[in-house]
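None of the figures in this text is laboratory data; all of them are computed from the coordinates on show. All values derive from a computational prediction rather than experimental measurement. For neighbour counting, all protein chains shown are included, and Cβ atoms are generated from backbone atoms with ideal geometry for every residue, glycine included.
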Amino acid sequence: MSASNSTHSIIACLSVSPDLPLDLCSTVDVGSSELVERLLNDLLKTTEGYQTLKNQLEIHKHENSLNEQALMPLQKENERVTKENNKLHLEIITVKE
């Protein structure tokens, strides 16, 4: 902290996280320190929210992949049954004629 013409200032340094490469150092007026603190808290909350959403996305992608794998045999069975149904339907039409 240094004094200059009866105005106090502090040096604020910020390094958020490895995922957010932000290294800042700046001189801040003491009167602005509350604003800097609020901005930093908002930035940290936003970064945490981003990480949470990123993790949820990975979980949903994995669940989606598992669901697609489980669905594949059902789609094949549906295709087989539909073909069989069409064949039987055609046989019924032919017999009625």
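Name the residues in segment 28-63 that are exposed (fewer than 11 other Cβ atoms within 10 Å of the Cβ) and within 30 Å of H8 (Cα to Cα), would you?
Selection gives G31, E34, R38, N41, D42, K45.
Name the pairs whose Cβ atoms lie under 7 Å apart, with the first residue in segment 30-42 and free of Cβ contacts under 8 Å to residues at least 40 places away in the same chain, the second surrounded by 10 or more Cβ atoms within 10 Å (Cβ to Cβ), and 6 or more positions between them or separate chains?
Matching pairs, first to second residue: V30/H8; V30/S9; V30/I10; S33/I10; V36/A12; V36/V28; L40/L14.
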